[in-house]
Amino acid sequence: MSSHHIVKDDQEPALIIDAPISKLEHLKQLLEWSPTVISSFQALEWLLAEQVNIDILICNDTDLTAAMTKLQHQLPVKFLTFHSLEKGIITEAISFLTYAKYGAAHIIGNFQAELIAKTPLNIDIKWSDNLFQWALVKQGVYKKWYNQNQKVTLLEQPSSITGSYAFIHQGQCSIETQSAGMIEIRDSKPFWVGEPIMD
């Protein structure tokens, strides 16, 4: 896929694909910028069926031979193998990207906020599942311009939300904008902001 701007090495976020999602169009949009694609062995068949090129595969030692056979037509592919993936591929991928000096990663798969809470982060993280695209706000302040009737979901009630909005689900802290304008969310600790993924 082509890009409309010049990209320096590792400037674009890497894409960590842990598990298939149903929002294929969303994945295609993320692939338009030609990110480094890191796949789990679990997502490999799905990505091959969708003709997605894989740059790095993270797997157990026991899956390496099967992975190399499946990816033979895409070589060169970098394989990061582990005797045991106790920490999981997302944690290992983030460690690799931090070491390789990437600035950001976008994760595809089942959203696991608690996993990221336990992972040392020196990169920016977004995460897409079948419903939302989540952004981790590490600095405690999130500001974004929204159109009228856009929905924003937070995992917890923040210290403050300013702008034109109404609560739609108090428990999970979902809001809907009442008019176009800036929404500002503040909290004393890092928090996740989710926006629905449109089909």
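The values are calculated or read from the model by the stated rules, or taken from the named source; none is laboratory data. Fair warning: this is a prediction, and the values are worked out from it, not measured in the lab. Every residue, glycine among them, receives a Cβ derived from its backbone with ideal geometry; neighbour counts consider all protein chains shown.
Quick look at the numbers
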| quantity | calculated |
| --- | --- |
| Filter result for ILE116 (modelled with pLDDT under 95, of a type outside the set (D, E, K, R) and either under 8 Å from the mean Cα position of the chain (by Cα) or more than 23 Å from ASN60 (Cα to Cα) (or both)) | no |
| Residue in the stretch 68-90 that is nearest to the chain's Cα centre (by Cα), counting only those that are modelled with pLDDT of 90 or more and either in a loop (DSSP other than H, G, I, E, B) or within 16 Å of ALA19 (Cα to Cα) (or both) | ILE90 |
| Every pair of residues 6+ apart whose Cβ atoms lie under 8 Å, when the first sits in the stretch 13-33 and is within 18 Å of ILE90 (Cβ to Cβ) and touching a residue at least 24 places away in the same chain (Cβ under 8 Å) while the second is in a helix (DSSP H, G or I) and β-branched (Val, Ile, Thr) | ILE16/ILE89; ILE16/ILE90; ILE16/ILE94; ASP18/ILE89; ASP18/ILE90 |
| Qualifying strands (runs of 3 or more DSSP E) (wholly inside the stretch 97-199; at least 1 residues being under 28 Å from GLU32 (Cα atoms) and either in contact (Cβ under 8 Å) with a residue 24 or more places away in the chain or of a type in the set (Lys, Arg) (or both)) | 104-108, 124-128, 132-137, 141-146, 151-154, 181-186, 191-196 |
